[in-house]
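Enquirer: Sharing a structure, written as C-alpha coordinates. Questions coming.
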Ligand SMILES: [Zn+2]
Ligand SMILES: [Zn+2]
(Lines give C-alpha, C1' and ligand atoms only; values in the text may rest on other atoms or scores of the structure.)
(Ligands and ions follow the chains in the order given, each with its own letter.)
Protein backbone atom coordinates (compact mmCIF):
# COMPACT_ATOMS: atom_id res chain seq x y z
CA UNK A 1 0.00 0.00 0.00
CA UNK A 2 1.54 3.30 -0.99
CA UNK A 3 0.41 6.83 -0.50
CA UNK A 4 1.73 9.27 -3.03
CA UNK A 5 1.91 12.44 -0.97
CA UNK A 6 3.20 14.45 -3.86
CA UNK A 7 -0.26 14.27 -5.24
CA UNK A 8 -1.09 14.78 -8.85
CA UNK A 9 -0.64 18.18 -10.37
CA UNK A 10 -3.18 17.52 -13.09
CA UNK A 11 -5.81 16.42 -10.63
CA UNK A 12 -5.28 19.61 -8.72
CA UNK A 13 -5.74 21.63 -11.84
CA UNK A 14 -9.02 19.88 -12.50
CA UNK A 15 -10.25 20.62 -9.02
CA UNK A 16 -9.11 24.21 -9.33
CA UNK A 17 -10.92 24.53 -12.62
CA UNK A 18 -14.11 23.10 -11.21
CA UNK A 19 -14.11 25.58 -8.41
CA UNK A 20 -15.59 28.28 -10.60
CA UNK A 21 -19.11 29.63 -10.58
CA UNK A 22 -22.05 27.38 -11.19
CA UNK A 23 -22.91 26.98 -14.81
CA UNK A 24 -19.60 28.21 -16.14
CA UNK A 25 -18.27 26.05 -18.88
CA UNK A 26 -15.12 26.83 -20.72
CA UNK A 27 -14.30 23.27 -21.66
CA UNK A 28 -17.15 22.95 -24.13
CA UNK A 29 -15.38 24.86 -26.88
CA UNK A 30 -11.86 24.30 -25.71
CA UNK A 31 -9.39 23.06 -28.24
CA UNK A 32 -7.01 20.50 -26.75
CA UNK A 33 -4.20 22.06 -28.74
CA UNK A 34 -4.59 25.44 -27.09
CA UNK A 35 -1.24 27.00 -26.19
CA UNK A 36 -0.06 27.56 -22.65
CA UNK A 37 -0.29 31.31 -22.62
CA UNK A 38 -3.98 31.38 -23.42
CA UNK A 39 -4.59 28.63 -20.85
CA UNK A 40 -2.75 30.74 -18.32
CA UNK A 41 -4.90 33.70 -19.28
CA UNK A 42 -8.09 31.73 -18.90
CA UNK A 43 -7.03 30.62 -15.46
CA UNK A 44 -6.39 34.17 -14.38
CA UNK A 45 -9.76 35.29 -15.64
CA UNK A 46 -11.39 32.45 -13.72
CA UNK A 47 -9.58 33.43 -10.57
CA UNK A 48 -10.89 36.96 -10.80
CA UNK A 49 -14.43 35.68 -11.10
CA UNK A 50 -14.18 33.77 -7.84
CA UNK A 51 -16.12 35.32 -5.03
CA UNK A 52 -14.01 34.09 -2.20
CA UNK A 53 -10.79 32.41 -3.18
CA UNK A 54 -10.18 29.54 -0.80
CA UNK A 55 -6.87 27.72 -0.83
CA UNK A 56 -7.42 24.18 -2.03
CA UNK A 57 -5.30 21.66 -0.25
CA UNK A 58 -3.53 19.10 -2.34
CA UNK A 59 -5.37 15.83 -2.19
CA UNK A 60 -3.09 12.86 -1.70
CA UNK A 61 -3.55 10.22 -4.36
CA UNK A 62 -4.01 6.74 -2.98
CA UNK A 63 -2.65 3.97 -5.14
CA UNK A 64 -4.59 0.75 -4.51
CA UNK A 65 -2.40 -2.25 -3.74
CA UNK A 66 -4.24 -4.56 -6.13
CA UNK A 67 -6.23 -4.26 -9.30
CA UNK A 68 -9.37 -5.03 -7.32
CA UNK A 69 -8.65 -2.00 -5.16
CA UNK A 70 -7.93 -1.92 -1.46
CA UNK A 71 -8.69 -0.17 1.79
CA UNK A 72 -6.53 2.95 2.09
CA UNK A 73 -4.54 3.76 5.23
CA UNK A 74 -6.24 6.03 7.73
CA UNK A 75 -5.85 9.71 6.86
CA UNK A 76 -4.07 11.70 9.55
CA UNK A 77 -5.75 14.80 10.97
CA UNK A 78 -4.23 18.21 11.23
CA UNK A 79 -3.67 19.05 14.84
CA UNK A 80 -1.91 21.96 16.50
CA UNK A 81 -3.91 25.12 16.92
CA UNK A 82 -2.34 28.27 18.25
CA UNK A 83 -3.78 29.97 21.31
CA UNK A 84 -4.95 32.83 19.15
CA UNK A 85 -6.75 30.39 16.86
CA UNK A 86 -8.31 28.60 19.82
CA UNK A 87 -9.75 31.81 21.20
CA UNK A 88 -10.99 32.77 17.75
CA UNK A 89 -12.82 29.45 17.50
CA UNK A 90 -14.24 29.82 20.99
CA UNK A 91 -15.58 33.16 19.94
CA UNK A 92 -17.37 31.56 16.97
CA UNK A 93 -18.65 28.62 19.02
CA UNK A 94 -20.43 30.52 21.74
CA UNK A 95 -23.98 29.93 22.71
CA UNK A 96 -26.13 32.19 20.61
CA UNK A 97 -24.09 31.65 17.44
CA UNK A 98 -26.43 32.21 14.54
CA UNK A 99 -27.93 29.00 13.21
CA UNK A 100 -29.06 28.14 9.70
CA UNK A 101 -31.14 25.42 8.18
CA UNK A 102 -30.16 23.27 5.24
CA UNK A 103 -32.78 23.64 2.52
CA UNK A 104 -34.24 20.35 1.42
CA UNK A 105 -34.56 21.20 -2.23
CA UNK A 106 -33.28 23.53 -4.88
CA UNK A 107 -31.83 26.51 -3.11
CA UNK A 108 -28.85 24.58 -1.77
CA UNK A 109 -26.98 25.52 -4.94
CA UNK A 110 -28.26 29.10 -5.10
CA UNK A 111 -25.63 31.78 -5.14
CA UNK A 112 -27.20 33.52 -2.15
CA UNK A 113 -26.98 30.35 -0.08
CA UNK A 114 -23.30 29.81 -0.93
CA UNK A 115 -21.82 31.40 2.22
CA UNK A 116 -24.07 29.23 4.39
CA UNK A 117 -23.24 26.17 2.33
CA UNK A 118 -19.55 26.90 2.98
CA UNK A 119 -20.20 26.36 6.70
CA UNK A 120 -21.96 23.02 6.29
CA UNK A 121 -20.01 21.59 3.36
CA UNK A 122 -16.72 21.16 5.18
CA UNK A 123 -13.45 20.19 3.53
CA UNK A 124 -13.78 16.78 5.13
CA UNK A 125 -17.24 16.34 3.55
CA UNK A 126 -15.81 17.30 0.17
CA UNK A 127 -12.66 15.26 0.28
CA UNK A 128 -14.03 11.71 0.36
CA UNK A 129 -12.55 9.94 -2.67
CA UNK A 130 -12.02 6.51 -4.14
CA UNK A 131 -9.20 5.61 -6.49
CA UNK A 132 -8.81 3.14 -9.31
CA UNK A 133 -5.98 2.62 -11.78
CA UNK A 134 -7.16 5.39 -14.08
CA UNK A 135 -9.78 7.24 -12.09
CA UNK A 136 -10.42 9.42 -9.11
CA UNK A 137 -13.98 9.11 -7.85
CA UNK A 138 -14.58 12.38 -6.08
CA UNK A 139 -17.39 14.40 -4.53
CA UNK A 140 -19.41 16.82 -6.65
CA UNK A 141 -18.25 20.44 -6.98
CA UNK A 142 -20.25 23.58 -7.72
CA UNK A 143 -18.54 23.96 -11.09
CA UNK A 144 -19.71 20.54 -12.30
CA UNK A 145 -23.11 21.89 -13.37
CA UNK A 146 -22.54 21.98 -17.11
CA UNK A 147 -20.70 18.66 -17.26
CA UNK A 148 -23.53 16.92 -15.39
CA UNK A 149 -26.05 18.58 -17.67
CA UNK A 150 -24.17 17.54 -20.79
CA UNK A 151 -24.48 13.86 -19.91
CA UNK A 152 -28.06 13.91 -18.64
CA UNK A 153 -29.30 15.80 -21.71
CA UNK A 154 -27.67 13.35 -24.09
CA UNK A 155 -30.46 11.43 -25.87
CA UNK A 156 -28.46 8.21 -26.04
CA UNK A 157 -27.89 8.34 -22.27
CA UNK A 158 -31.53 9.15 -21.59
CA UNK A 159 -32.51 6.09 -23.57
CA UNK A 160 -30.80 3.81 -21.08
CA UNK A 161 -31.67 5.71 -17.91
CA UNK A 162 -34.89 6.13 -15.98
CA UNK A 163 -35.06 9.88 -15.67
CA UNK A 164 -36.58 10.73 -19.06
CA UNK A 165 -35.65 14.14 -20.48
CA UNK A 166 -35.04 16.50 -17.58
CA UNK A 167 -34.68 20.24 -18.13
CA UNK A 168 -31.42 22.01 -17.14
CA UNK A 169 -33.19 23.35 -14.05
CA UNK A 170 -34.37 19.89 -13.05
CA UNK A 171 -30.89 18.49 -13.54
CA UNK A 172 -29.42 21.06 -11.17
CA UNK A 173 -32.22 20.66 -8.68
CA UNK A 174 -32.73 16.91 -8.66
CA UNK A 175 -29.26 15.65 -9.46
CA UNK A 176 -26.40 18.03 -8.69
CA UNK A 177 -28.24 19.21 -5.59
CA UNK A 178 -28.78 15.62 -4.52
CA UNK A 179 -25.14 14.68 -5.14
CA UNK A 180 -24.08 17.61 -2.98
CA UNK A 181 -26.54 16.74 -0.20
CA UNK A 182 -25.21 13.23 -0.17
CA UNK A 183 -21.81 14.50 0.97
CA UNK A 184 -23.37 16.35 3.93
CA UNK A 185 -25.02 13.52 5.89
CA UNK A 186 -27.01 15.97 8.03
CA UNK A 187 -28.59 17.46 4.94
CA UNK A 188 -30.56 14.30 4.48
CA UNK A 189 -32.44 14.66 7.69
CA UNK A 190 -34.45 17.38 9.29
CA UNK A 191 -34.06 16.02 12.79
CA UNK A 192 -31.11 15.82 15.04
CA UNK A 193 -29.61 12.39 15.58
CA UNK A 194 -31.41 10.81 12.66
CA UNK A 195 -28.83 11.29 10.00
CA UNK A 196 -26.55 8.58 8.77
CA UNK A 197 -24.95 8.58 5.40
CA UNK A 198 -27.70 7.50 3.03
CA UNK A 199 -25.88 7.85 -0.21
CA UNK A 200 -22.44 8.18 -1.71
CA UNK A 201 -22.29 9.84 -5.10
CA UNK A 202 -18.96 10.10 -6.83
CA UNK A 203 -18.00 12.11 -9.86
CA UNK A 204 -15.95 9.98 -12.21
CA UNK A 205 -12.79 11.90 -13.14
CA UNK A 206 -9.59 10.87 -14.90
CA UNK A 207 -6.35 10.63 -12.96
CA UNK A 208 -4.62 11.59 -16.20
CA UNK A 209 -7.13 13.14 -18.66
CA UNK A 210 -4.58 12.92 -21.48
CA UNK A 211 -4.53 9.14 -21.27
CA UNK A 212 -8.27 8.80 -21.88
CA UNK A 213 -9.54 8.24 -25.40
CA UNK A 214 -12.43 10.41 -26.52
CA UNK A 215 -14.39 8.59 -29.19
CA UNK A 216 -15.28 10.65 -32.23
CA UNK A 217 -18.94 9.69 -31.85
CA UNK A 218 -19.06 7.63 -35.01
CA UNK A 219 -22.28 5.82 -35.70
CA UNK A 220 -24.24 7.42 -32.86
CA UNK A 221 -25.28 11.03 -32.94
CA UNK A 222 -23.98 12.88 -29.94
CA UNK A 223 -25.61 16.19 -29.15
CA UNK A 224 -23.37 17.38 -26.36
CA UNK A 225 -19.82 16.56 -27.29
CA UNK A 226 -16.74 16.67 -25.16
CA UNK A 227 -13.28 17.56 -26.39
CA UNK A 228 -11.31 16.76 -23.28
CA UNK A 229 -11.45 14.23 -20.45
CA UNK A 230 -10.91 16.85 -17.77
CA UNK A 231 -13.36 17.25 -14.92
CA UNK A 232 -16.62 15.37 -14.43
CA UNK A 233 -16.97 12.47 -16.91
CA UNK A 234 -19.94 10.77 -15.30
CA UNK A 235 -21.08 9.62 -11.93
CA UNK A 236 -21.44 6.50 -9.87
CA UNK A 237 -23.53 6.31 -6.74
CA UNK A 238 -24.28 3.97 -3.91
CA UNK A 239 -27.59 4.38 -2.06
CA UNK A 240 -27.85 2.78 1.35
CA UNK A 241 -31.09 1.48 2.84
CA UNK A 242 -31.83 -0.38 6.05
CA UNK A 243 -34.20 -3.22 5.28
CA UNK A 244 -34.58 -4.99 8.61
CA UNK A 245 -38.08 -4.49 10.08
CA UNK A 246 -36.59 -3.73 13.51
CA UNK A 247 -34.43 -0.89 12.28
CA UNK A 248 -34.96 2.57 10.90
CA UNK A 249 -32.73 4.92 8.95
CA UNK A 250 -31.56 6.34 12.29
CA UNK A 251 -30.25 3.00 13.56
CA UNK A 252 -26.76 3.72 12.31
CA UNK A 253 -26.75 7.45 13.06
CA UNK A 254 -25.04 9.53 15.73
CA UNK A 255 -27.17 9.64 18.91
CA UNK A 256 -27.48 12.40 21.45
CA UNK A 257 -25.31 11.67 24.47
CA UNK A 258 -23.15 9.06 22.72
CA UNK A 259 -19.74 9.29 21.13
CA UNK A 260 -20.33 8.33 17.53
CA UNK A 261 -18.72 5.10 16.40
CA UNK A 262 -18.66 4.00 12.80
CA UNK A 263 -21.17 1.12 12.43
CA UNK A 264 -19.66 -2.35 12.60
CA UNK A 265 -20.41 -5.04 10.02
CA UNK A 266 -22.54 -6.68 12.69
CA UNK A 267 -24.63 -3.56 13.20
CA UNK A 268 -24.99 -3.10 9.44
CA UNK A 269 -26.14 -6.71 9.12
CA UNK A 270 -28.60 -6.32 12.01
CA UNK A 271 -30.12 -3.35 10.17
CA UNK A 272 -30.10 -5.21 6.86
CA UNK A 273 -28.05 -2.48 5.23
CA UNK A 274 -28.34 -2.85 1.48
CA UNK A 275 -26.59 -0.91 -1.23
CA UNK A 276 -27.93 0.04 -4.62
CA UNK A 277 -25.68 1.29 -7.38
CA UNK A 278 -26.42 3.75 -10.17
CA UNK A 279 -24.01 5.11 -12.76
CA UNK A 280 -23.53 6.80 -16.10
CA UNK A 281 -20.68 8.12 -18.18
CA UNK A 282 -20.43 10.35 -21.23
CA UNK A 283 -21.01 8.27 -24.41
CA UNK A 284 -17.77 9.42 -26.02
CA UNK A 285 -15.96 7.57 -23.23
CA UNK A 286 -17.85 4.32 -23.60
CA UNK A 287 -16.05 1.12 -24.50
CA UNK A 288 -12.75 1.57 -22.67
CA UNK A 289 -13.74 -0.03 -19.39
CA UNK A 290 -13.82 3.18 -17.39
CA UNK A 291 -17.21 2.54 -15.80
CA UNK A 292 -16.19 -1.05 -15.24
CA UNK A 293 -13.27 0.16 -13.14
CA UNK A 294 -15.47 2.52 -11.15
CA UNK A 295 -18.15 -0.14 -10.70
CA UNK A 296 -15.69 -2.68 -9.31
CA UNK A 297 -14.28 -0.15 -6.86
CA UNK A 298 -17.63 1.12 -5.56
CA UNK A 299 -18.79 -2.48 -5.13
CA UNK A 300 -15.62 -3.27 -3.18
CA UNK A 301 -16.12 -0.12 -1.10
CA UNK A 302 -19.72 -1.11 -0.29
CA UNK A 303 -18.69 -4.58 0.83
CA UNK A 304 -15.29 -4.07 2.44
CA UNK A 305 -15.59 -0.62 3.94
CA UNK A 306 -19.29 0.04 4.50
CA UNK A 307 -20.44 -3.47 5.34
CA UNK A 308 -23.51 -3.82 3.10
CA UNK A 309 -25.18 -7.22 3.32
CA UNK A 310 -25.84 -7.06 -0.41
CA UNK A 311 -25.50 -4.71 -3.34
CA UNK A 312 -27.92 -4.40 -6.18
CA UNK A 313 -28.09 -2.66 -9.54
CA UNK A 314 -31.18 -2.37 -11.71
CA UNK A 315 -30.32 -1.43 -15.30
CA UNK A 316 -33.07 -1.04 -17.84
CA UNK A 317 -33.38 -3.96 -20.25
CA UNK A 318 -32.08 -1.77 -23.10
CA UNK A 319 -28.87 -1.03 -21.21
CA UNK A 320 -26.87 -4.04 -22.31
CA UNK A 321 -23.50 -2.56 -21.31
CA UNK A 322 -24.74 -2.08 -17.77
CA UNK A 323 -26.21 -5.57 -17.61
CA UNK A 324 -22.84 -6.93 -18.76
CA UNK A 325 -21.15 -5.01 -15.93
CA UNK A 326 -23.44 -6.61 -13.35
CA UNK A 327 -22.69 -10.08 -14.64
CA UNK A 328 -18.96 -9.40 -14.87
CA UNK A 329 -18.74 -8.56 -11.19
CA UNK A 330 -20.93 -11.36 -9.91
CA UNK A 331 -24.31 -9.65 -9.57
CA UNK A 332 -26.94 -12.20 -10.54
CA UNK A 333 -30.23 -11.39 -12.22
CA UNK A 334 -32.98 -11.75 -9.63
CA UNK A 335 -36.07 -10.39 -11.36
CA UNK A 336 -37.33 -7.96 -13.96
CA UNK A 337 -39.81 -5.26 -13.00
CA UNK A 338 -41.55 -2.31 -14.59
CA UNK A 339 -42.67 -0.48 -11.47
CA UNK A 340 -41.20 2.88 -12.40
CA UNK A 341 -42.76 6.09 -13.70
CA UNK A 342 -41.37 5.50 -17.17
CA UNK A 343 -42.60 1.97 -17.58
CA UNK A 344 -39.13 0.86 -18.69
CA UNK A 345 -38.46 -2.72 -17.65
CA UNK A 346 -35.54 -2.98 -15.25
CA UNK A 347 -33.43 -6.03 -14.63
CA UNK A 348 -32.55 -6.34 -10.96
CA UNK A 349 -29.15 -7.83 -10.22
CA UNK A 350 -27.73 -8.61 -6.81
CA UNK A 351 -24.70 -9.97 -5.02
CA UNK A 352 -24.55 -10.81 -1.32
CA UNK A 353 -21.67 -9.90 0.95
CA UNK A 354 -20.64 -13.53 1.40
CA UNK A 355 -20.71 -14.13 -2.34
CA UNK A 356 -18.55 -11.08 -2.97
CA UNK A 357 -15.91 -12.02 -0.42
CA UNK A 358 -15.80 -15.64 -1.60
CA UNK A 359 -15.59 -14.58 -5.22
CA UNK A 360 -12.66 -12.25 -4.62
CA UNK A 361 -10.84 -14.47 -2.15
CA UNK A 362 -10.73 -11.74 0.44
CA UNK A 363 -10.95 -12.26 4.16
CA UNK A 364 -13.97 -10.60 5.82
CA UNK A 365 -12.30 -7.99 7.98
CA UNK A 366 -14.11 -5.04 9.53
CA UNK A 367 -11.42 -2.40 9.31
CA UNK A 368 -13.39 0.74 10.22
CA UNK A 369 -16.25 -0.60 12.36
CA UNK A 370 -16.47 0.62 15.95
CA UNK A 371 -14.00 3.42 15.46
CA UNK A 372 -14.68 6.96 16.76
CA UNK A 373 -15.75 9.14 13.88
CA UNK A 374 -16.56 12.81 13.43
CA UNK A 375 -20.29 13.21 14.04
CA UNK A 376 -20.65 15.82 11.31
CA UNK A 377 -18.89 14.51 8.19
CA UNK A 378 -18.93 10.84 9.31
CA UNK A 379 -15.68 10.46 7.37
CA UNK A 380 -14.54 7.14 8.77
CA UNK A 381 -11.35 7.01 6.76
CA UNK A 382 -9.93 9.83 8.84
CA UNK A 383 -8.07 9.39 12.12
CA UNK A 384 -10.33 9.51 15.21
CA UNK A 385 -11.68 12.99 16.03
CA UNK A 386 -9.39 15.38 17.87
CA UNK A 387 -11.83 18.20 18.47
CA UNK A 388 -14.22 17.64 21.38
CA UNK A 389 -17.02 19.90 22.51
CA UNK A 390 -16.19 21.14 25.99
CA UNK A 391 -19.84 21.48 26.86
CA UNK A 392 -20.36 17.71 26.77
CA UNK A 393 -18.05 14.75 26.54
CA UNK A 394 -19.65 13.02 23.59
CA UNK A 395 -19.62 15.42 20.64
CA UNK A 396 -16.38 14.88 18.74
CA UNK A 397 -15.22 16.21 15.41
CA UNK A 398 -12.39 15.73 12.96
CA UNK A 399 -11.93 19.48 12.62
CA UNK A 400 -13.09 22.84 13.87
CA UNK A 401 -14.94 23.28 10.57
CA UNK A 402 -17.06 20.22 11.27
CA UNK A 403 -17.66 21.38 14.84
CA UNK A 404 -18.74 24.80 13.60
CA UNK A 405 -21.05 23.20 11.05
CA UNK A 406 -22.87 21.19 13.73
CA UNK A 407 -22.94 24.24 16.01
CA UNK A 408 -24.38 26.43 13.26
CA UNK A 409 -27.15 24.04 12.24
CA UNK A 410 -30.67 24.84 13.29
CA UNK A 411 -31.44 22.04 15.75
CA UNK A 412 -27.78 21.04 15.65
CA UNK A 413 -25.36 20.60 18.49
CA UNK A 414 -25.98 24.02 19.97
CA UNK A 415 -29.45 22.88 20.99
CA UNK A 416 -28.56 19.32 22.05
CA UNK A 417 -25.34 19.94 23.99
CA UNK A 418 -25.48 19.03 27.70
CA UNK A 419 -24.14 22.36 28.75
CA UNK A 420 -25.71 24.61 26.26
CA UNK A 421 -25.66 27.32 28.88
CA UNK A 422 -21.87 27.40 28.97
CA UNK A 423 -20.44 30.48 27.33
CA UNK A 424 -17.53 28.96 25.47
CA UNK A 425 -15.98 25.75 24.27
CA UNK A 426 -12.43 24.58 23.92
CA UNK A 427 -10.78 21.54 22.41
ZN1 LIG B 1 -15.58 15.97 10.22
ZN1 LIG C 1 -21.46 19.65 23.41
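The values are calculated or read from the model by the stated rules, or taken from the named source; none is laboratory data. None of these values were measured; they are calculated from a predicted model. Cβ: placed from backbone, ideal geometry, glycine included. Neighbour counts: every protein chain shown.
Enquirer: Tell me yes or no: at least one residue of the range 361-375 is within 16 Å of ligand 1 (Cβ to nearest atom), modelled with pLDDT under 95, touching a helix residue (DSSP H, G or I) at 6+ places or on another chain (Cβ under 6 Å) and under 24 Å from residue 128 (Cα atoms).
Expert: Within the range 361-375, not a single residue is within 16 Å of ligand 1 (Cβ to nearest atom), modelled with pLDDT under 95, touching a helix residue (DSSP H, G or I) at 6+ places or on another chain (Cβ under 6 Å) and under 24 Å from residue 128 (Cα atoms).
Enquirer: From 103, 73, which residue is within 19 Å of the chain's Cα centre (by Cα) and loosely packed, with under 14 Cβ neighbours inside 10 Å?
Expert: 73 is the lone residue from the list that is within 19 Å of the chain's Cα centre (by Cα) and loosely packed, with under 14 Cβ neighbours inside 10 Å.
Enquirer: I've got another one for you. For the range 407-427, which residues satisfy the criterion of being within 22 Å of residue 82 (Cα to Cα) and either modelled with pLDDT of 90 or more or near ligand 1 (Cβ under 9 Å from one of its atoms) (or both)?
Expert: 407
Enquirer: So, residue 395, is that one within 16 Å of ligand 2 (Cβ to nearest atom) and more than 23 Å from the chain's Cα centre (by Cα) or not?
Expert: yes
Enquirer: Collect the residues in the range 361-390 that are within 13 Å of ligand 2 (Cβ to nearest atom), part of a loop (DSSP other than H, G, I, E, B) and surrounded by fewer than 21 Cβ atoms within 10 Å (Cβ to Cβ), keeping them in residue-number order.
Expert: The one that is within 13 Å of ligand 2 (Cβ to nearest atom), part of a loop (DSSP other than H, G, I, E, B) and surrounded by fewer than 21 Cβ atoms within 10 Å (Cβ to Cβ): 390.
Enquirer: Within the range 257-271, identify whether any single residue is in contact with a strand residue (DSSP E or B) (Cβ under 6 Å, 6 or more places away or on another chain) and within 23 Å of residue 314 (Cα to Cα), and answer yes or no.
Expert: Yes: the range 257-271 contains one or more residues that are in contact with a strand residue (DSSP E or B) (Cβ under 6 Å, 6 or more places away or on another chain) and within 23 Å of residue 314 (Cα to Cα).
Enquirer: Being out of contact with any helix residue (DSSP H, G or I) (no Cβ under 9 Å at 6 or more places or on another chain) and buried (at least 16 other Cβ atoms within 10 Å of the Cβ) is the filter here; which residues of the range 265-277 pass it?
Expert: 267, 270, 271, 272, 274, 276
Enquirer: Quick one: would you say residue 403 is modelled with pLDDT under 95, within 13 Å of ligand 2 (Cβ to nearest atom), buried (at least 17 other Cβ atoms within 10 Å of the Cβ) and outside any loop (DSSP other than H, G, I, E, B)?
Expert: So residue 403 does not fit the description; no.
Enquirer: Where residues in the range 124-143 are part of a loop (DSSP other than H, G, I, E, B) and closer than 22 Å to residue 288 by Cα, which of them is nearest to ligand 1 (Cβ to nearest atom)?
Expert: 129
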